[in-house]
Amino acid sequence: MNRPLGMLAELTYRCPLRCGYCSNPTGRHSRSSELTTQQWCQVFEEARELGVLQVYFSGGEPLLRRDLPGLVAHARRLGLYTSLITGGQGMSADRLADLVASGLDHVQISLQDADAPIADAIAGRAVHRHKLTAARLVKEVGLPLTLNVVLHRANIGHTRDLIDLALRLRADRLELANAQYYGSALLNLPALVPSRAQLDAAETLVQEARDTLAHRLEIVYVRSDLHDAVPKPCMHGWGSRQLTVTPSGDVLPCPAAARIPGLDVPNVRQAALADIWFHSAAFNRFRGTAWMPEPCRSCPLKEDDHGGCRCQAFQLAGDPAATDPACRLSPHHALVRTLLQDAESAPDTLPYRA
Ligand code: SF4
Ligand code: FES
């Protein structure tokens, strides 16, 4: 069995933004249910012992945790590579200096669009200018900078402008990721899904930019599995390389798995991380290929895409053990075609986080 290489540490689900493509669990999230500083430090120690090499401090907005520099310093002392995944709200020169002094290795900042009024409308708050300032601060202190943009109907047409903005900000990496439909994004799917023509235009631009800018900017493009009828190899396989620890200490094979019925989600307050990784029912439920139904079981691609995404199979087909409906071979694939067809006639209203 593999050991995990990366851990997503979701420090808090609290967030000042209201993006309609948010994939975090919906509902209100209180500070009182979050793990304490000491509990997180224990989690990092157990993660390192288990073999984790990289920790992503994420949220919500991780900068809302005042103890973030201490958490980064502890993870760094253990030898973990530390990445901050932030919307940039709460980032200042002083705050960043604290994080650099703590040993932070990398920062990823999310942008909503290249154009300030559109970006602010998508976020539900005037945030864009501050994000640009945060990105410049990151470059000034010499940390590697990734910009992340979730693509959807309202911004995918601005792909060229997003690439130009990444160049102006001297980003090292631009991640253009088509929305993944979990949490609020699933509820807002009809308003978010782009058209096939929009996707084709964006993919052509990305390819051209990759050809000409390879030496200046790495561009990562995450395709839309729904449109491609090709399932994504979600998480590189269930319980294979990554784990997620939620703000309250639940441990999940992927960030969306808590909604899968009967998963019996383990928690770091009750069990050691190694025990959870190797022995929990939740992490073993969809490991390997033995659980697969047809057509996955006899498919030559099953070791490559792992049967797609378990959460998507549950959300769309009601069965987490089904072949991912995104796959053209799935008996449930018609559900995806219908979703996309219905979305074509959905109004262009900008949705917000539920
Ligand atoms: Fe992947 Fe299963 Fe589809 Fe084959 S049938 S391509 S293994 S999801
Ligand atoms: Fe959970 Fe894909 S998001 S398995």
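Where a number appears in this text, it was derived from the coordinates with a stated rule and is not lab data. Model, not experiment: these values are computed from the prediction. Methodologically, a virtual Cβ is constructed for each residue, glycine included, from the backbone with ideal geometry; neighbour enumeration extends over all protein chains shown.
Quick notes on this one:
- For segment 128-227, taking the reciprocal of the average inverse distance between every pair of different Cα atoms yields a Kirkwood hydrodynamic radius of 14.3 Å.
- Leading residue at positive end of dipole, the chain (Cβ point charges), from His74, Pro261, Val251: His74
- Cys residues of the chain that find no other Cys beta carbon under 4.7 Å: Cys15, Cys19, Cys22, Cys41, Cys254, Cys296, Cys299, Cys311, Cys327.
- Net charge dipole size for segment 38-187 [Lys, Arg +1 and Asp, Glu -1 on Cβ; Debye, nearest 20]: 220 debye
- Cα gyration tensor, the chain - rounded (a/c under 1.5), prolate or oblate: oblate
- Of the residues Thr36, Gly87, Pro194, the one whose Cα sits farthest towards the positive end of the charge dipole of the chain is Thr36 (charges of +1 on Lys and Arg Cβ, -1 on Asp and Glu Cβ, taken about the Cα centre).
- Charge dipole of the chain about the Cα centre (unit charges at C-beta), most positive-ward option of Ala313, Cys19, Pro331: Cys19
- Segment 219-354: C-alpha pair distances exceeding 17 Å, %: 63 percent
- In a reduced charge model with +1 at each Lys and Arg Cβ and -1 at each Asp and Glu Cβ, the chain shows a dipole moment near 540 debye about its Cα centre.
- Between Gly308, Gly249, Gly70, the GNM of the chain built on Cα springs shorter than 10 angstrom shows Gly70 fluctuating the most.
- The chain: calculated mean residue ellipticity at 222 nm from DSSP helix runs of at least 4, using -39500 (n - 2.57): -10000 deg cm²/dmol
- Candidate aspartates and glutamates - alpha carbon under 13 Å from Lys232, same-chain residues fewer than 8 apart omitted: Glu303, Asp304, Asp305, Asp324
- Set of aspartates and glutamates near Lys131 by C-alpha distance (under 17 Å), chain-local residues within fewer than 8 positions excluded: Glu61, Asp94, Asp113, Asp115, Asp120, Glu140, Asp161, Asp164, Asp172, Glu175
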